[in-house]
């Protein structure tokens, strides 16, 4: 198990569907123990059937997940979380509608034992473009989008396919570091939103019951220039939402590659990490053959 | 029923029916009669108390925006630039240089017996010290072995030494946070901006996580400051009001010698609006003579000097990006509508003029859905409002509490850096507010600036900045207007004007006991009017004994 807890940040304006997504993640956690921190006026909007027990500060949820709220002090809430007896596998922060995700990510990065693992910004397909030019909240929304690694276009069923396409083009400008995914009713695949977990190959082999996304595992020869590969995998035409895996670099060191949207990170890998890089993306967008071909140019 | 009659050199009533009197009668903690002894004697037997024969009785002063945590802060080392009086009445000399600050800290450090105990300071304001943050290396010179933390006057920045960073696990390279500046060696310099940067270190330097809640001793100490400044009713403007806190406040304020009425406002975070309003309605029923509950504080934006206030065009003078919302427009309106329906008063912190505009527009929409003839919603700070906004506030029957003290302490900074000359001149536009017919008070925001309504009145009358410039001549108000603002004006904003704010039959017997009549003070000497103490609910409190 890694020493640090990965923290996924879910941002987006009021009504974009953050809470629906959180409930969907809790429903499909599939053995992953999630700790959800909610900052929306202290409301704990967890679907009732998921709740096992409710204390003053904490809700216990089926499958070993928990949920608690935080007020104006996120760091204190995370520090409280670190003191819990049962260690979660992953933290999910549901931002308030006006929060700037990069500020939250920066705060997370300060705390020992936590590491930011992707910012997902929810987009209301019907209203986002109007809201983005609103006199009061327009700049808040464009700042949120600029911070995104993944944008999740929600309520896509309420608009035309042409509108979604137009929205995707628009998002490429406002969220240049992000891949956009399309969702209905906040139903986005867990592995895509939260990442592939500590053991990507195992996660991949567990299959994708919801059938919403596809994945491939790239074999990794010894002596790989990870940075060249990462740049290829984050280029414009490759629709990888997340990728994670381990390789041996040109100096013979075992390294971890981590991609969220169009950002990547290469770090020292844990000992004996299994070689290979798992890439996932949304069905319909994801082209495994193209990824293999592109990757082979770097391998 | 016992009646006590106080005679005084003069009684200034703030009641136009009888502006001055020689005697006031008190029964059951309330004002029975005001006038001559003959007039009062018509009520029957009384006991005459002549100890104030050479004093002026003035309506008890009302501070409409303060935080009781000031009482707690005085247990830490005072590091401020200006001389400041503590709850014991001792005036601490201002620290005029970094060397002074380090000397104050060292003197306190020498008194600590436990070698691991943290050393905590407060009220440091580098703006006055060549605008350079204090560094961990400088604080290490006070002690390299015990954790040290010094809070900025704003409360939103913390300066710490190396030991404190080590304890928090932040004494390392690679720290990447906009609130933490790094030195040439790649290590944190010791300056931590914003709650998320402060919290991980705060607990190691003696600042607990719920610092805004005043504890028992802090509450008593704060009340002693009230006695020394003539204050008989004081707000605690952003209280969490959790069950333990409410119980503590009820118990401490209920002590026989607790000398003030405290008005804590429930901070809006922590409960969704649909639960917040019923909770505050429940709290309202717990109100006692000395603890007035049942109001909500909403925070719309941040601060101007922190560049987190929401500004309209042309934004910040130094081109900083616009500030931050702490509530979404939709949620603001939801709180307003629910509160109007329940008859709960809402005070909204708006510093920037865009935040002010949003609050005005949202209240207008809410009032269309839930009409209310006397909601008394208040904008707090409202520092940059222009005439059009004040006119709109008047039309909507809103009130305002302007930050007159801020103008003195940071006016130069606003002129030079944050908003530029045009808007700096109109900041805290007391004249315009009154001319537009907006009921108005003025405040200290203690501990941000010192509690003292007569000083606050002086700030609004003279509009001097710390460097001695008059900033915004046209926004000055008269001494009488300023004194009205810190009595009846503040009472109005708390919806307590039927109970406090003037010396008038039926009202609570709350007086500031002064050495002279502030209405007769030279405008530039208004802050120097001496306070003997207070009478609160008919009980006498001498500053000398507080």
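How much length would be gained if the chain were fully extended between residue B:480 and residue B:132, taking 0.36 nm per residue of separation minus their Cα-Cα distance, in nm to one decimal? Provide the component values of the computation, followed by the final result.
Working: separation 348, 0.36 × 348 = 125.28 nm, distance 4.00 nm.
Result for the pair: 121.3 nm of gain on full extension.
Would you mind ranking B:62, A:108 so that the residue whose beta carbon has the fewest other beta carbons within 10 Å leads the list?
The most exposed by this proxy come first: A:108, B:62.
Let me see the pair-distance distribution of the range B:427-522: every alpha carbon pair, 10 Å bin width, integer percents in order.
For the range B:427-522, the binned pair fractions read 15, 45, 33, 6, 0 percent.
Give the distance, in whole Å, between the Cα centre of the range A:254-280 and the Cα centre of the range B:457-492.
So the separation of the two Cα centres works out to 63 Å.
How big is the Kirkwood radius of the range A:5-194, worked out from every pair of different alpha carbons and given in Å to one decimal?
Mean inverse Cα-Cα distance, inverted, gives 16.6 Å.
Express the Stokes-Einstein translational diffusion coefficient of the range B:140-222 in µm² s⁻¹, to the nearest whole number, given a Kirkwood radius over alpha-carbon pairs, 37 °C and a viscosity of 0.692 mPa s.
Using the Kirkwood radius from Cα pairs, D works out to 245 µm²/s.
Only Cα pairs under 8 Å and at least 6 apart count here; give the relative contact order of chain B as a rounded whole percent.
17
Quickly estimate the mean residue ellipticity at 222 nm for the protein assembly as shown, helices only: each DSSP H run with n ≥ 4 gives -39500 (n - 2.57), and the total goes over all residues, rounded to 500.
It comes out at -8000 deg cm²/dmol, rounded to the nearest 500.
Restricting to chain A, compute how many DSSP beta bridges are antiparallel as a %, nearest 5.
The antiparallel fraction comes to roughly 50 percent.
Taking every eigenvalue of the Cα gyration tensor of the range A:227-281, multiplying by 5 and rooting it, what semi-axes result, largest first, whole Å?
20, 11, 8
Taking 2.2 N^0.38 Å as the expected size of a compact globular protein, what ratio does the Cα radius of gyration of the protein assembly as shown give against it, to two decimals?
1.05
Full extension from residue A:172 to residue A:87: what is 0.36 nm times the residue separation minus their Cα-Cα distance, to one decimal in nm?
Gain on stretching residue A:172 to residue A:87: 26.9 nm.
Between 0 and 90 degrees, rounded to the nearest ten: what's the tilt of helix B:404-413 against the longest Cα principal axis of chain B?
30
For residue B:320 paired with residue B:154, estimate the spin-label separation in nm (one decimal), with each label point 7 Å from Cα along the Cα-to-Cβ line.
Between residue B:320 and residue B:154, the label points sit 0.5 nm apart.
For the range A:200-296, state the semi-axes of the equivalent ellipsoid (square roots of 5 times the eigenvalues of the alpha-carbon gyration tensor), sorted largest first and rounded to whole angstrom.
Working: eigenvalues 92, 47, 23 Å².
Semi-axis lengths for the range A:200-296 are 21, 15, 11 Å.
Please arrange A:50, B:434, B:112 by how many other C-beta atoms lie within 10 Å of their C-beta, fewest to most.
B:112, A:50, B:434
Which whole-number percent is the relative contact order of the range A:200-296 (Cα, under 8 Å, 6+ apart)?
Relative CO of the range A:200-296 lands at 36 percent.
Listing B:336, B:316 from the residue with the fewest other Cβ atoms within 10 Å to the one with the most, what is the order?
B:316, B:336
Take the Cβ-Cβ distance between residue A:283 and residue A:72 as r, set R0 to 60 Å, and report the resulting FRET efficiency rounded to the nearest 0.05.
0.90
Residue B:313 versus residue A:231, label points 7 Å from Cα toward the beta carbon: distance in nm?
Between residue B:313 and residue A:231, the label points sit 4.2 nm apart.
Per 10 Å bin from zero, what fraction in whole % of the C-alpha pairs of the range B:216-536 is there, up to the bin with the longest pair?
6, 27, 35, 25, 7, 0
Using the basic label-point model (7 angstrom from Cα toward the beta carbon), what is the residue A:130 to residue A:265 distance in nanometres?
Spacing of the two 7 Å Cα→Cβ label points: 3.7 nm.
If I take R0 = 30 Å and measure r between the Cβ atoms of residue A:223 and residue A:292 in this structure, what FRET efficiency does the formula 1/(1 + (r/R0)^6) give, to the nearest 0.05?
For R0 = 30 Å, the calculated efficiency reads 0.95.
Restricted to Cα positions, what overall size does the range B:70-205 have along the principal axes? Three whole-Å values, descending.
46, 33, 25
Which residues in the range B:90-125 place their backbone N less than 19 Å from a point set 7 Å from the Cα of residue B:145 along the Cα-to-Cβ direction?
Taking a point 7 Å out along Cα→Cβ of residue B:145, the residues of the range B:90-125 whose backbone N falls under 19 Å are B:105-120.
Relative to the compact-globule scaling 2.2 N^0.38 Å, provide the ratio for the alpha-carbon radius of gyration of chain B.
Working: Rg = 23.4 Å, N = 546, 2.2 N^0.38 = 24.1 Å.
Output field value: 0.97.
Counting C-alpha atoms alone, how compact is the range B:374-454: give Rg to one decimal and Dmax as a whole number, in angstrom.
Answer for the range B:374-454, Rg first and Dmax second: 12.8, 40 Å.
Calculate the length of the line joining the C-alpha centroid of the range A:54-117 to that of the range B:299-315, in whole Å.
Centre-to-centre (Cα) distance: 28 Å.
With r as the distance between the Cβ atoms of residue A:48 and residue B:464 and R0 = 56 Å, compute the FRET efficiency 1/(1 + (r/R0)^6) and round to 0.05. Before the final figure, lay out each step's value.
Details: r = 60 Å, r/R0 = 1.06.
Between residue B:464 and residue A:48 the formula returns 0.40.
Which of A:184, A:271, A:227 moves most in a GNM of chain A, Cα contacts under 10 Å?
A:271
In the range B:75-150, how does Rg compare with the Kirkwood Rh, expressed as the Rg/Rh ratio over alpha carbon atoms? Don't jump to the answer; show the numbers that get you there.
On the way: Rg = 12.2 Å, Rh = 12.7 Å.
Taking Rh as the inverse mean 1/r over Cα pairs, Rg/Rh reads 0.96.
Find the centroid of the Cα atoms in the range B:221-283 and in the range B:133-209, then give the distance between the two in whole Å.
31
Determine how many Å³ per residue the convex hull of the Cα atoms of the range B:191-305 encloses.
140
Just to be sure I understand: of the beta bridges DSSP finds with both ends in the protein assembly as shown, what percent are antiparallel, rounded to 5?
50
Let me check against my output: what whole-number percent is the relative contact order of the range B:216-536, with C-alpha pairs under 8 Å and at least 6 apart? Provide the component values of the computation, followed by the final result.
Working: 656 pairs, mean separation 47.8, N = 321.
So the answer I get is 15 percent.
None of the figures in this text is laboratory data; all of them are computed from the coordinates on show. Predicted model, so just to flag it, every value in this text is computed and none were measured. Counting neighbours? That spans all protein chains shown, and the Cβs are built from the backbone with ideal geometry, glycine included.
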